[in-house]
Amino acid sequence: MKILSPAKVNLFLKILGKRIDGYHDLMTLMCCIGLYDTVSIHVGHTNIDVSCSHPQVPEDESNLAYMAANLFLKTFEKNDGVKIVIQKQIPVAAGLGGGSSNAAAVLLALNRYYGYPFSMQDLMSMGLSIGADVPFFLFQKPAIATGIGEKLEPYPGLEKFSILLVSPGVSISTAEVYKKLNLALTKCKKKLKSFPLNHQRFDPRCHLCNDLEAVTASTYPVITTVKKALLRHGALGALMSGSGPTIFGLFSDSHGASQANHALFHIYGWRMYLADMITQDTGFDIQT
Ligand code: ATP
């Protein structure tokens, strides 16, 4: 089986508070985008074997796709093995959820291969034990996530903007960002006062905000430079995704995004990716 495993962006990310288990309660609007890893799965191997061309991605049991296969087969009480090959396109440790998406892809593909032994609810709880973003990818549509990311409500009020992602070439640990977060200084609450939770339109001019952005930008000022540059080159709004460091700009059409891509590459030489938001059902494309 070959699966296209999409990236996501957070259109807002508001931190509500720290829990006693160390996690943070949050409220975030997430949407998948048309930037994909390809995950190939061959069942029938003797053990679980993961390979990935990207040097920063582990190939052992700490790989999130490995964890997903292991948990699925254990829960299903199957002795089968599986070979997983990941072709990475999604930048790693970038706030785009690549590893979580790969884990969701494995759970969905194995469930289909074995004739759907598990309900979506079962897959969601397996996913959550692997990572807080995995349930969102299993959900397969734009959603507002609360709790640590596991309570999901569909959000149909999104327009299909064109996206330009900028990878500023620095790397960030999500745990470090949360450690440095000062809840007294977060700003999303104010910005989201006018946010239509009744599923009317998301407006990139007013509603884009991320409580983690100031934390990451205090270490990497390039984040502020990228945001300003995107806005100067026609973006309706620009924001850091997740814990960063990827910044994205939203454009009303692909022509505008593409023009900004050319201009910014010419001036700064940043690594950039053009993509669309997937506002309909994401539906992981599983080919057999
Ligand atoms: P998070 O916010 O959950 O840390 P992210 O979206 O910023 O995630 P990922 O690309 O998912 O970033 O990678 C996070 C970490 O997980 C990296 O340090 C990477 O080495 C590790 N990892 C484990 N499995 C995978 C995988 N299949 N794909 C990408 N990274 C993986």
Inset, instruction - Please give the helix 98-113 orientation as an angle from the longest Cα principal axis of the chain, in degrees from 0 to 90, rounded to the nearest 10. - result: 40 degrees
Legend entry - Degrees separating the helix 64-76 axis from the principal Cα axis of the chain, which is the longest one: 40 degrees
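Count neighbours as other Cβ atoms within 10 Å of each site's Cβ, and list the trypsin sites (Lys or Arg not before Pro) in segment 175-277 that are DSSP loop with at most 15 such neighbours. Don't jump to the answer; show the numbers that get you there.
Numbers: sites: LYS179, LYS180, LYS187, LYS189, LYS190, LYS191, LYS193, ARG201, ARG205, LYS227, LYS228, ARG232, ARG271; in loops: LYS187, ARG201, ARG205.
Listed in order of number, the matching sites are LYS187, ARG201, ARG205.
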Legend entry - Where GluC sites (Glu not before Pro) fall in DSSP loop in segment 149-235, at most 10 other Cβ within 10 Å: none
Inset, instruction - Loop only per DSSP, at most 11 neighbouring Cβ atoms within 10 Å: give me the GluC sites (Glu not before Pro) in segment 1-107, ordered by residue number. - result: GLU61, GLU77
Inset, instruction - Would you pull out the residues with amide H under 5 Å of LYS141's amide H, same chain only if 5 or more places away, H placed 1.01 Å from N? - result: THR282
Inset, instruction - State, as an integer percentage, the relative contact order of the chain based on alpha-carbon contacts under 8 Å between residues 6 or more apart. - result: 24 percent
Legend entry - Top of LEU107, LEU231, LEU185 by mean-square fluctuation, Gaussian network on the chain, Cα under 10 Å: LEU185
Legend entry - Whole-Hz ³J(HN,Hα) from phi, Karplus 6.51 cos²θ - 1.76 cosθ + 1.60, for segment 36-53, glycine and proline x: 10, 8, 10, 10, 9, 10, 10, 8, x, 4, 7, 9, 8, 10, 10, 10, 8, 6
Legend entry - 0 to 90° range, to nearest 10: angle between helix 120-130 axis and the chain longest Cα axis: 70 degrees
Legend entry - Phi to ³J(HN,Hα) by Karplus 6.51 cos²θ - 1.76 cosθ + 1.60 over segment 22-31, Hz, x for Gly, Pro: x, 6, 10, 7, 9, 9, 9, 9, 10, 9
Inset, instruction - Compute the separation of the alpha-carbon centres of segment 226-248 and segment 30-88 and state it in Å as a whole number. - result: 31 Å
Inset, instruction - Within the chain, what's the longest run with no chymotrypsin sites (Phe, Trp or Tyr not before Pro) in a DSSP loop and at most 15 other beta-carbon atoms within 10 Å? Give the range, please. - result: 115-288
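Each reported figure results from applying straightforward, stated rules to the coordinates on display, with no laboratory input. Quantities reported herein were computed from a predicted structural model and do not represent experimental measurements. Positions of Cβ are backbone-derived with ideal geometry, glycine not excepted, and every protein chain shown enters the neighbour counts.
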